[in-house]
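Encoded as structure tokens, the structure appears first; notes follow it.
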Amino acid sequence: MTRIAQIALCAALPLVSACADQGGDYPQLLPMEQLLAEPELPPDGTDPAAVAEATQSRAEALRARAEALRHPVIEPEIQRRMQRNGG
């Protein structure tokens, strides 16, 4: 192994170890049988009004989240400095 390959390996090891499962936001891997299984449908007689209400509630929550993300990402003081300096 060349010296450059050894250095690259040493540099890559911390990155690989950072990918280890530490309770992060990554989804859990599922077995193929579970992925390919037929979806479970709600039982007959499910109240359509309840389903519509749950769907509407989720849509409103997503709209509120999207609206919150529309705000500027540059802090007002930094933006004023940029405008003052012609940036």
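Spin-label model, R81/L35: points 7 Å from Cα along the beta carbon direction are separated by 4.8 nm. For the chain, a crude dipole built from +1 on the beta carbon of Lys and Arg and -1 on the beta carbon of Asp and Glu, taken about the Cα centre, is about 1040 debye to the nearest 20.
Pair-distance distribution P(r) for the chain, from all Cα-Cα distances in 10 Å bins starting at 0: 11, 13, 20, 24, 19, 11, 3 percent.
Read-outs: derived from the displayed coordinates by stated rules, not from any lab. Bear in mind the structure is a predicted one, so any value in this text is a computation, not a measurement. Quick reminder, even Gly has a Cβ in these numbers, built from the backbone with ideal geometry, and neighbours come from all protein chains shown.
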